[in-house]
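Peer 1: Dumping the structure here so I can ask a few things about it.
Where a number appears in this text, it was derived from the coordinates with a stated rule and is not lab data. In this text, all values refer to a predicted model and were calculated from it rather than measured experimentally. Glycine gets a Cβ as well: all are built from the backbone with ideal geometry, and neighbour counts include every protein chain shown.
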């Protein structure tokens with residue numbers, strides 16, 4: 001707890017340092033001509049047909065290419081379900097899952113435009129009757145604003161105890177929202193960005209409390225109707241009755257639920273042409289048919305990282321991921337959001353500087369050739385056609401932005417070695433043959449020292465944050481704002497090894513819709529309780545008897561009849 005409390009001011013210092021990397025934007029490229037568009041479409045058709053022909057668990061795909069001026073191409077491929085009898089077309093609705101976040105946040109921005117909401121006041125103004133659990137003192141909602149919620153910097157965790165990505169059951173939508181009160185803050189508000197479905201849901205609840213109707217109805221009226229998104233809805237009753245609906249598929253889960261309880265962050269079903277219209281709105285600075293649906297400054301805010309770290313190029317904006325393609329000394333900006341779950345995968349991505357975007361919707365979560373790769377292939381081709389250049393990779397970008405070293409090249413600090421836990425992966429830093437670096441699978445990636453706490457790999461700069469005693473707290477990758485928290489190293493003292501912890505040890509399984517999908521193991525090592533699974537190994541810190549937290553702030557709770565991790569139930573398989 002003591003070390004974590006120091007992270008916030010240190011990261012804030014990093015955020016306000018002078019910008020180290022210039023980020024110019026390419027704005028002079030010429031639009032694609034008709035022949036180029038036709039060739040691009042034909043190439044893409046062939047690739048998609050080839051992908052479908054070799055994918056065993058992917059029935060159908062819908063794809064669209066869009067410009068500021070309109071939809072250039074939309075087409076359905078394959079079938080609506082695994083029976084492979086009815087074809088996908090451009091009106092087939094798919095679950096778009098987390099693409100819903102961008103849609104919901106756009107609706108919230110419309111409410112801001114109308115003066116109904118303020119992004120920068122505490123959310124207690126809008127939802128005084130809700131709260132969550134915290135280890136950090138006080139009422140956490142007094143420090144959270146709408147901007148924190150929609151930029152994933154609120155400190156909230158991702159899933160709710162009732163109605164989540166692994167167990168869709170909830171007695172009602174209100175019960176789902178009320179269950180947030182059982183969740184624990186992961187970190188102090190504004191400390192960093194971590195993906196959170198709960199943030200989008202609370203933002204939508206703020207909207208509901210000022211418009212006094214379901215947020216879904218407000219977005220239907222203010223966004224779907226002006227854009228002509230007639231094949232888009234949050235309403236499960238409408239989805240259920242739709243005769244042109246794709247069915248989600250997962251090779252390991254034969255019976256997937258239709259209703260998605262996380263409405264605001266994941267509940268939209270839509271056709272590919274409707275999502276293309278949504279992308280066009282963002283490409284054309286909030287305009288539709290000559291009228292303004294959302295002012296350009298609010299569109300711009302969505303595609304901007306609100307509190308970037310020094311040197312940050314990529315990260316989460318406000319309802320959108322913000323990234324860059326590097327063309328020598330110039331950058332091409334991109335905005336995107338994907339979604340996955342309940343048997344669907346979706347992705348939309350566009351280039352604000354060049355004026356083009358791509359949408360892809362699929363009814364399977366088991367593709368070998370990723371749906372995002374299809375989007376990337378098309379956008380990379382567009383960039384090459386418009387600029388005459390192929391984007392370089394991050395390694396090439398790093399060579400041009402390598403900071404000047406202020407320490408001896410042989411500098412290899414043993415104090416920074418150890419395992420660091422992130423949201424979905426671990427980084428292990430070590431010294432090998434006199435060089436400081438990190439493990440990459442079975443290989444070792446040496447790094448170049450820049451300062452006493454900064455090192456560069458071939459692709460990224462890594463910045464270590466330490467306490468006053470020199471003990472590492474975390475490592476930050478400024479390029480995209482990723483953070484890993486120190487878990488354990490050779491110098492970690494032995495833990496208390498409480499005898500009651502023995503009742504928590506053993507193997508557990510996480511189930512998705514009743515089917516086991518991920519194994520975890522709880523054990524005691526070096527006197528500490530450890531939580532292992534999916535390639536991660538977390539040293540747990542006990543906060544209350546039976547309630548533990550991982551180094552990156554997620555709760556592991558053994559106090560109930562069923563253990564939980566990130567509010568997802570874990571079922572014991574052995575002791």
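Peer 1: Hey, if you drop one equal point scatterer on each alpha-carbon of segment 499-574 and run the Debye formula without solvent, what base-10 log of I(q)/I(0) do you get at q = 0.13, 0.22 Å⁻¹?
Peer 2: Results for segment 499-574 at q = 0.13, 0.22 Å⁻¹ read -0.33, -1.01.
Peer 1: Nearest 500 deg cm²/dmol is fine: what mean residue ellipticity at 222 nm does the chain get from its DSSP H runs of n ≥ 4 alone, each adding -39,500 (n - 2.57), divided by its residue count?
Peer 2: Numbers: 14 runs with 134 residues, N = 575.
Calculated at 222 nm, the ellipticity per residue is -6500 deg cm²/dmol.
Peer 1: With N denoting the number of residues in segment 402-488, provide Rg(C-alpha) divided by 2.2 N^0.38 Å, to two decimal places. Display every interim value, and only then the final one.
Peer 2: On the way: Rg = 11.9 Å, N = 87, 2.2 N^0.38 = 12.0 Å.
Dividing the Cα radius of gyration by 2.2 N^0.38 Å gives 0.99.
Peer 1: Per residue, how big is the convex hull around the C-alpha atoms of segment 422-536? Give it to me in cubic angstrom, could you?
Peer 2: Values: hull volume 17.9 nm³, N = 115.
Dividing the Cα hull volume of segment 422-536 by its residue count gives 156 Å³.
Peer 1: Highest first, please rank the peptides 439-449, 300-310 by the mean number of other Cβ atoms sitting within 10 Å of their residues. Each step should come with its number before you reach the end.
Peer 2: Details: 439-449: 13.5, 300-310: 19.2.
So the order, starting with the most tightly packed, is 300-310, 439-449.
Peer 1: By average Cβ neighbour count within 10 Å, what is the ranking of 241-249, 95-103, 469-477 from highest down? Show your work: numbers first, answer last.
Peer 2: Numbers: 241-249: 17.6, 95-103: 27.8, 469-477: 19.3.
Those peptides, ordered most packed to least, come out 95-103, 469-477, 241-249.
Peer 1: Translational diffusion coefficient, Stokes-Einstein: compute it for segment 81-155 using the Kirkwood radius over C-alpha pairs as Rh, at 37 °C and 0.692 mPa s, and state it as an integer in µm² s⁻¹.
Peer 2: Numbers: Rh = 15.4 Å.
Rounded to a whole number, D works out at 214 µm²/s.
Peer 1: Roughly how many Å is it from the Cα centre of segment 168-244 to that of segment 354-424, as a whole number?
Peer 2: So the two Cα centres are separated by 31 Å.
Peer 1: Something else: Which order, highest average first, do 507-516, 404-413 follow once you tally other Cβ atoms within 10 Å for each residue and take the mean per peptide? Each step should come with its number before you reach the end.
Peer 2: On the way: 507-516: 16.7, 404-413: 12.6.
Ranked by mean Cβ neighbours within 10 Å, highest first: 507-516, 404-413.
Peer 1: At what distance in angstrom do the alpha carbon centres of segment 107-150 and segment 439-481 lie from each other?
Peer 2: 34
Peer 1: Also: Pull out a ≥ b ≥ c, the square roots of the eigenvalues of the alpha-carbon gyration tensor of segment 147-223, then state rounded if a/c is under 1.5, prolate if not and a/b is larger than b/c, and oblate in the remaining case. Display every interim value, and only then the final one.
Peer 2: On the way: a/c = 2.10, a/b = 1.20, b/c = 1.75.
It comes out oblate by the Cα gyration axes.
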